[in-house]
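Chemist: Below are the structure tokens for one structure; questions will follow.
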Amino acid sequence: MNPLLNALLVVVLALNLFALGTSRLVTVIKIVSLQGVLLGLMPFLIEGHLGWRLLLASGGTILLKGGIIPFMMIRAMRDVQIKREMEPLIGFLPSMLLGALATGFALLFSKSLPLASAHTTPLLVPASLATIFVGFILLTTRAKAITQVMGYLVLENGIYIFGMLLMGAMPLVVELGVLLDLFVAVFVICIIINHINQAFSSLDTRRLVALKE
Amino acid sequence: MINLLVHFVLMLAMPPLLLGVINKTKALFAGRKGLPLLQNYYDLIKLARKDVVISQTTTWIFVAAPVISLTGIVMAGLLVPLGPFQSPISFTGDLILFAYLLAVGRFFTTAAALDTGSPFEGMGAAREVTFACLSEPVLFFALLVLAKMSGTLILGDLLHAPLTVGIQGAAASLVLVAIGMFIVLLAENSRIPVDDPNTHLELTMIHEAMVLDHSGPLLGLILYGASVKLFVLSAVLLHILFPFQSGYALLDWSLFMVEMLGVAVAIGVVESIMARLQMRHVPYLLIAAILFCAFGFVLLVR
């Protein structure tokens, strides 16, 4: 469809790998917020014209994913005073390779999906599958609650990319509703992070098994 | 004919200026005034006038290495077209020669480092070769993508592929290749995320550790060779980043020079805003670069 759209999607995929490879939480947060901004730009490339509906949807995405949520995460990180993910279940290099493998498989797999002809040339489907998988890896292999939130956001970004396929058909209310859900979820998680930190003086979610009635 | 002459003059005269621009950018970021833009030329002239001190333990390799590596790099520069113009030398399969002319330079620099018998230089040589193992596949994957796009194995035509074939359908691959090649540019020229060109006598450095025993004109040759390498690899990167052509020779040459300085400024910005990676994390960066370029290839052939 649009070569620029594919280029943007490929940058999103590259950011995925960088998010898997770094141990600094600030870097992960910055990467995910940059990803959010790129996602916000995509509707313009797909629709190709400006309209108030488009402006509202993508402006909301950019503001929320690129601005408010990263700001909240960075503040939560300052409050609990941790900077790095120290002991992931799978190391940084192996998880990066796993993410790369997933991206490769997504590229090959999406070839064999029975997609509508308009959806085969852009990389939307493989990029979305790969991003969802990278979100899973971040979510399941990292021990700190903040990184798990970032994994959740990457996962949501993947779903958002998939939603691009329905760009023309989806009502604005649905899009805004999804964004609001996301905002509330992150808001709640930030509060939970603070509680975990107070209860265990650490953000390691593996300690939650020690909870008893 | 004129274009050939300009190619020679630019390739031989411009490289130290690029280093000057990088240093100036870093100085601006740090709020300093910085060295004069032409400082590297003065340094080279100063080094050329000095005497050479040669250790008694070294053999002829120590003296020959700077000359051979500079020759290799300049030869590689002759295979690369600058901007939209033709390269002076080109034949089928010269992309392999290009990669290994750069490797010959590296081989002799490391051989000379081992020749001094200093454990510090040996360490630098080991690191240089280790990281080169990882940056070579990136270069080859990048060339593979361009070869697939253009359908030729001539380095000159292949680098012009984004210009002649057009970026439609391959934009995604080209973005990936550009990221990979920029990482290689930083790694091969020992710029900041990989190595710090300003540190001497520090245990984590790579390239500088190998040339500690060289002095006078020999050191000058090494420094000059390093800057020519920066020029050549930037020229390769520019083909992927800015495939534009105006048709007027004069305009194209000045555009090329501006783009070149732009790459230098970009490197300066990266060096100012990033800290050097820990030594054990450098392979991660290079492996990421390999993965990007490999994906670029997968995207193109799938």
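The values are calculated or read from the model by the stated rules, or taken from the named source; none is laboratory data. The shown structure was predicted, so the numbers you read here are calculated from the model rather than taken from an experiment. Virtual Cβ from ideal backbone geometry, glycine too; neighbours counted across all protein chains shown.
Chemist: Give the residue, chosen from B:VAL63, B:VAL74, B:VAL80, that is touching a Leu at 6+ places or on another chain (Cβ under 8 Å) and surrounded by 22 or more Cβ atoms within 10 Å (Cβ to Cβ).
Modeler: Details: B:VAL63 fails: surrounded by 22 or more Cβ atoms within 10 Å (Cβ to Cβ); B:VAL74 fails: surrounded by 22 or more Cβ atoms within 10 Å (Cβ to Cβ).
It is B:VAL80.
Chemist: Which of the residues that make up region B:87-106 are of a type in the set (Phe, Trp, Tyr) and touching a residue at least 24 places away in the same chain (Cβ under 8 Å)? Show your work before the answer.
Modeler: First pass over region B:87-106, keeping only residues of a type in the set (Phe, Trp, Tyr): B:91, B:98, B:100.
Result: B:PHE91, B:PHE98.
Chemist: Of the residues that make up region A:143-152, is at least one farther than 24 Å from A:ASP79 by Cα, surrounded by 15 or more Cβ atoms within 10 Å (Cβ to Cβ) and touching a Leu at 6+ places or on another chain (Cβ under 6 Å)?
Modeler: Applying the first criterion (farther than 24 Å from A:ASP79 by Cα) to region A:143-152 yields none.
No, region A:143-152 contains no residue that is farther than 24 Å from A:ASP79 by Cα, surrounded by 15 or more Cβ atoms within 10 Å (Cβ to Cβ) and touching a Leu at 6+ places or on another chain (Cβ under 6 Å).
Chemist: Restricting to region B:124-156, give me the number of residues that are acidic (Asp, Glu) and modelled with pLDDT under 90.
Modeler: Adding up the residues that qualify gives 0.
Chemist: Across region A:174-213, which residue is farthest from the chain's Cα centre (by Cα) among those that are surrounded by fewer than 11 Cβ atoms within 10 Å (Cβ to Cβ) and assigned to a loop (DSSP other than H, G, I, E, B)?
Modeler: A:GLU213
Chemist: For region B:243-253, does any single residue satisfy the condition of being surrounded by fewer than 15 Cβ atoms within 10 Å (Cβ to Cβ) and among the aromatic types (Phe, Trp, Tyr)?
Modeler: Keep residues of region B:243-253 that are surrounded by fewer than 15 Cβ atoms within 10 Å (Cβ to Cβ), which gives B:244, B:246-251.
Those left that are additionally among the aromatic types (Phe, Trp, Tyr): B:244, B:248.
Among the residues of region B:243-253, at least one is surrounded by fewer than 15 Cβ atoms within 10 Å (Cβ to Cβ) and among the aromatic types (Phe, Trp, Tyr), which makes the answer yes.
Chemist: While we're looking at this one, here's another question. Restricting the search to region A:170-208, which residues are of a type in the set (S, T, N, Q) and touching a residue at least 12 places away in the same chain (Cβ under 8 Å)? Full working, then the answer.
Modeler: Initially, region A:170-208 is screened for residues of a type in the set (S, T, N, Q), giving A:194, A:197-198, A:201-202, A:205.
A:ASN194, A:ASN197, A:THR205, listed by residue number.
Chemist: Given the conditions (1) away from chain A (no Cβ under 12 Å); (2) at pLDDT 90 or above, and given that B:LEU286 satisfies all but one, which numbered condition is not satisfied?
Modeler: (1)
Chemist: Let me ask something additional. Would you point out the residue of region A:3-21, among those that are within 9 Å of chain B (Cβ to nearest Cβ) and of a type outside the set (A, V, I, L, M, F, W, C), that is nearest to A:ASN157 (Cα to Cα)?
Modeler: A:ASN6
Chemist: Continuing with the same structure: Among the residues of region B:140-147, is any surrounded by 18 or more Cβ atoms within 10 Å (Cβ to Cβ), farther than 22 Å from B:PHE244 by Cβ and of a type outside the set (Asp, Glu)?
Modeler: First, the residues of region B:140-147 that are surrounded by 18 or more Cβ atoms within 10 Å (Cβ to Cβ): B:141-147.
Narrowing further to those that are farther than 22 Å from B:PHE244 by Cβ: B:141, B:144.
Right, trim to of a type outside the set (Asp, Glu) and you get B:141, B:144.
Yes.
Chemist: To continue, here is another question. Could you list, in sequence order, the residues of region B:274-292 that are in a helix (DSSP H, G or I) and either closer than 23 Å to B:LEU174 by Cα or in contact (Cβ under 8 Å) with a residue 60 or more places away in the chain (or both)? Spell out the reasoning first.
Modeler: Of the residues in region B:274-292, the ones in a helix (DSSP H, G or I) are B:279-292.
Passing the criteria: B:MET279, B:VAL282, B:PRO283, B:TYR284, B:LEU285, B:LEU286, B:ILE287, B:ALA288, B:ALA289, B:ILE290, B:LEU291, B:PHE292.
Chemist: Which of the residues spanning region B:69-107 are within 13 Å of the chain's Cα centre (by Cα) and of a type in the set (D, E, K, R)?
Modeler: Once the filter is applied, which keeps residues that are within 13 Å of the chain's Cα centre (by Cα) and of a type in the set (D, E, K, R), region B:69-107 yields only B:ARG106.
Chemist: For the subset of region A:121-134 comprising residues that are crowded, with 24+ Cβ neighbours inside 10 Å and either in contact with a Cys (Cβ under 6 Å, 6 or more places away or on another chain) or small (Gly, Ala, Ser) (or both), which member is nearest to A:GLU85 (Cα to Cα)?
Modeler: A:ALA130
Chemist: In region A:33-41, is there at least one residue being touching a residue at least 40 places away in the same chain (Cβ under 8 Å) and either within 14 Å of another protein chain (Cβ to nearest Cβ) or assigned to a loop (DSSP other than H, G, I, E, B) (or both)? Step through it out loud before you land on a result.
Modeler: Restricting attention to region A:33-41, the residues satisfying the condition of being touching a residue at least 40 places away in the same chain (Cβ under 8 Å) are A:35-36, A:39.
Add one more test, that the residue is either within 14 Å of another protein chain (Cβ to nearest Cβ) or assigned to a loop (DSSP other than H, G, I, E, B) (or both), and what stays is none.
Taking every residue of region A:33-41 in turn, none turns out to be touching a residue at least 40 places away in the same chain (Cβ under 8 Å) and either within 14 Å of another protein chain (Cβ to nearest Cβ) or assigned to a loop (DSSP other than H, G, I, E, B) (or both).
Chemist: Among the residues of region A:64-99 satisfying the criterion of being more than 14 Å from chain B (Cβ to nearest Cβ), touching a Gly at 6+ places or on another chain (Cβ under 8 Å) and among the aliphatic types (A, V, I, L, M), which is surrounded by the fewest Cβ atoms within 10 Å (Cβ to Cβ)?
Modeler: The residue in question is A:LEU64.
Chemist: May I pose another question? Being touching a Pro at 6+ places or on another chain (Cβ under 8 Å) and either without any contact (Cβ under 8 Å) to a residue 24 or more places away in the chain or of a type in the set (Ser, Thr, Tyr) (or both) is the filter here, so list the residues in region A:108-146 that pass it.
Modeler: Within region A:108-146, the first condition is being touching a Pro at 6+ places or on another chain (Cβ under 8 Å), and the residues that meet it are A:109-110, A:141-143.
Correct list: A:PHE109, A:SER110, A:THR141.
Chemist: Which ones in region B:1-45 are part of a helix (DSSP H, G or I), without any contact (Cβ under 8 Å) to a residue 40 or more places away in the chain and surrounded by fewer than 12 Cβ atoms within 10 Å (Cβ to Cβ)?
Modeler: Hits for region B:1-45 are B:LEU5, B:VAL9, B:ALA13, B:ILE45.
Chemist: Select from region A:22-32 the residues that are part of a helix (DSSP H, G or I) and within 14 Å of another protein chain (Cβ to nearest Cβ) and write down the one among them that is surrounded by the most Cβ atoms within 10 Å (Cβ to Cβ). Before you say what the answer is, go through the steps one by one.
Modeler: We begin by selecting, within region A:22-32, every residue part of a helix (DSSP H, G or I); these are A:25-32.
Restricting the remaining residues to those that are within 14 Å of another protein chain (Cβ to nearest Cβ) gives A:26-27, A:30-31.
Working: A:VAL26: 15, A:THR27: 14, A:LYS30: 18, A:ILE31: 22.
Among those that are part of a helix (DSSP H, G or I) and within 14 Å of another protein chain (Cβ to nearest Cβ), it is A:ILE31.
Chemist: Further question on the same structure: Give the residues of region B:131-155 that are of a type in the set (Lys, Arg) and free of Cβ contacts under 8 Å to residues at least 12 places away in the same chain, sorted by residue number. Show your work before the answer.
Modeler: First, pick out the residues of region B:131-155 that are of a type in the set (Lys, Arg): B:148.
None; the set is empty.
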